[in-house]
Amino acid sequence: MGIESMRKLKPLLHLLLPLCAHWIAEEMTVSVLVDVTTSALCPGQSTCSEAIYINGVQQTIVGIFKMIVLPILGQLADEYGRKPLLLITVSTTIIPFGLLTINKSREFVYAYYVLRTISFIISQGSIFCISVAYAADVVEENSRAGVFSWITGLFSASHVLGNVLARFLPVGYIFQACLLIFVPVYMSLFLAETVTPKTEENRSLTLKSNVLKIVQERYNSMRYAANLVTSSPTLKCISLVSFFYELGMSGISSVLLYYLKSAFGFNKNQFSELLMMVGVGSIVSQIVVLPLINPLFGEKVILCMALLSSIAYAMLYGLAWAPWVPYLSASFGVIYILVKPSTYAVISKGALSADQGKAQGFVAGVQAIASLLSPIVMSPLTTWFLSRDAPFNCKGFSILCASLCMVVALCYASTLKVEAPRERAFDENAENIEAPLLT
């Protein structure tokens with residue numbers, strides 16, 4: 001089954017090759033950014049509450065705008081094609097990292113955060129959603145779960161390579177933008193389009209009429225996507241699972257490295273080791289294990305197993321009593337990483353081919369709402385329990401609280417029923433609702 005899925009990846013070669021380069025370039029910076037931002041904002045300190053709060057504010061702002069941007073990008077990918085949307089989203093990371101190549105002073109770090117926030121709004125989540133929709137265009141429905149597992153496995157492999165490079169390369173080389181520039185150039189030259197863009201009409205309309213028409217069409221299109229999800233028990237349930245899972249996991253991700261630095265004195269080397277350990281195991285679980293077990297157990301069982309593993313992951317981090325415990329906790333990432341491909345497969349099975357971008361984009365928008373809400377609690381709670389004013393000695397208390405969200409996600413996942421989509425009976429004017437944006 002794994003070899004068969006690998007053969008079916010051939011039409012996706014010109015998509016996956018540049019995406020791997022993009023993921024490697026981004027992952028190289030993850031473990032280093034904690035040291036760079038802490039050194040710039042809180043020189044000589046191991047704990048930097050300012051960096052934790054800025055990350056929380058960044059995640060909140062990104063979450064607010066992603067609620068709107070992600071569904072729209074998914075709709076535009078259905079209407080105007082996957083390729084132009086992919087080119088836009090992968091290009092947004094070039095300038096922020098270019099700034100840190102020039103200088104890592106306090107002012108440049110602030111400028112990086114501003115530009116990276118804009119980049120996250122456009123690219124975070126949307127690259128994966130559009131890529132999954134692209135894959136759904138060229139892969140048969142019964143083979144999508146295996147192909148999606150290969151895509152997320154390559155994502156993990158890219159993260160491993162990125163962390164290996166971060167572990168051994170000097171910081172000055174890590175923020176080079178060469179790989180990031182290569183990605184849109186390669187895509188523009190070699191990536192084939194899978195969607196026939198809709199033709200533009202009514203060019204003679206006045207500016208005011210165009211603006212009003214655009215607003216009305218976007219409202220109708222978003223309403224259509226909402227109806228698409230809410231009218232399907234499968235998509236509605238997976239949306240709730242995604243919301244609570246992302247609520248907990250995004251909160252943990254936003255503070256985890258700062259927590260480890262403060263609690264155990266970890267630096268970029270330990271961060272890279274943890275991320276590499278998760279990545280190596282994730283490659284095996286996604287590329288080899290998932291395609292083998294998916295036909296036997298189905299997406300629902302795999303999803304529940306992965307969510308259970310994520311709960312253990314969070315609780316061990318929250319209760320970590322020694323420097324070796326985070327390594328034990330990270331080992332559960334080998335299993336919980338399967339939440340993503342299982343979710344993509346469920347969404348893909350629950351939506352028609354023409355609605356793949358809308359369904360993936362809407363669920364990604366739901367996840368964005370969760371990532372908006374989580375730092376509002378996680379940032380101050382983490383800072384409080386890492387300070388000397390904590391009411392009791394449990395530095396990972398905020399992470400324990402986040403694990404409760406994954407418990408709720410598991411409860412919803414246990415009620416999931418994966419059903420084939422129905423035709424667009426709920427809206428007979430679908431074509432009008434999905435009218436192009438640029439008319």
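Values for this structure:
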item: Residue count, the range 177-219 (criterion: among the polar types (S, T, N, Q) and at pLDDT below 70); result: 6
item: Wholly enclosed helices (runs of 4 or more DSSP H) of the range 1-104 bearing at least 1 residues over 23 Å from Leu165 (Cα atoms); result: 2-7, 13-41, 49-80, 82-91
item: Test: Phe266 is at pLDDT 80 or above and not in a helix (DSSP H, G or I); result: yes
item: Failed item, numbered, when Ala135 is tested on (1) in a helix (DSSP H, G or I); (2) open to solvent by 20 Å² or more (accessible area, probe 1.4 Å); (3) modelled with pLDDT of 80 or more; result: (2)
item: Condition met for Val57 (open to solvent by 40 Å² or more (accessible area, probe 1.4 Å), of a type outside the set (Ser, Thr, Tyr) and within 30 Å of Val280 (Cα to Cα)); result: no
item: Of all residues making up the range 263-312, the number that are free of Cβ contacts under 8 Å to residues at least 40 places away in the same chain and among the hydroxyl-bearing types (Ser, Thr, Tyr); result: 1
item: In the range 374-396, the residues that are open to solvent by less than 30 Å² (accessible area, probe 1.4 Å) and among the polar types (S, T, N, Q); result: Ser374, Ser379, Thr382, Thr383
item: The range 299-334, subset small (Gly, Ala, Ser) and touching a Ser or Thr at 6+ places or on another chain (Cβ under 9 Å), residue farthest from Gln270 (Cα to Cα); result: Ala306
item: Cβ-Cβ under 6 Å pairs, at least 6 apart or on other chains, the range 235-261 side within 18 Å of Val278 (Cα to Cα), far side in a helix (DSSP H, G or I) and open to solvent by 20 Å² or more (accessible area, probe 1.4 Å); result: Ser254/Asn55; Ser254/Gln59
item: Number of the condition not met by Gly63 [criteria: (1) surrounded by 18 or more Cβ atoms within 10 Å (Cβ to Cβ); (2) more than 21 Å from Gly365 (Cβ to Cβ)]; result: (2)
item: Hits in the range 246-293 (condition: open to solvent by 30 Å² or more (accessible area, probe 1.4 Å), over 24 Å from Val171 (Cα atoms) and not hydrophobic (A, V, I, L, M, F, W, C)); result: Glu246
item: Exclusive hit being at pLDDT below 85, farther than 30 Å from Glu141 by Cα and either assigned by the TED database to the domain that holds Leu260 or touching a helix residue (DSSP H, G or I) at 6+ places or on another chain (Cβ under 6 Å) (or both), set Leu381, Leu386; result: Leu386
item: One residue from Ala320, Ala359, Ala370 being more than 20 Å from Ser282 (Cβ to Cβ), open to solvent by 10 Å² or more (accessible area, probe 1.4 Å) and among the small types (Gly, Ala, Ser); result: Ala320
item: Residue within the range 117-124 that is touching a Cys at 6+ places or on another chain (Cβ under 9 Å) and buried (at least 23 other Cβ atoms within 10 Å of the Cβ) present; result: no
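Residue-by-condition table, conditions (1) within 13 Å of the chain's Cα centre (by Cα); (2) within 23 Å of Phe148 (Cα to Cα):
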{"site": "Gly333", "(1), (2)": "no, yes"}
{"site": "Leu352", "(1), (2)": "no, yes"}
{"site": "Gln356", "(1), (2)": "no, yes"}
{"site": "Gln367", "(1), (2)": "yes, yes"}
{"site": "Thr383", "(1), (2)": "no, no"}
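The values are calculated or read from the model by the stated rules, or taken from the named source; none is laboratory data. Note that this is a predicted model, so its numbers are computed, not measured. Backbone-built Cβ (ideal geometry, glycine too); neighbour counts: all protein chains shown. Just so you know, the surface numbers come from the protein's heavy atoms only, side chains and all, with ligands and any DNA or RNA stripped out. Shrake-Rupley method; radii C 1.70, N 1.55, O 1.52, S 1.80 Å.
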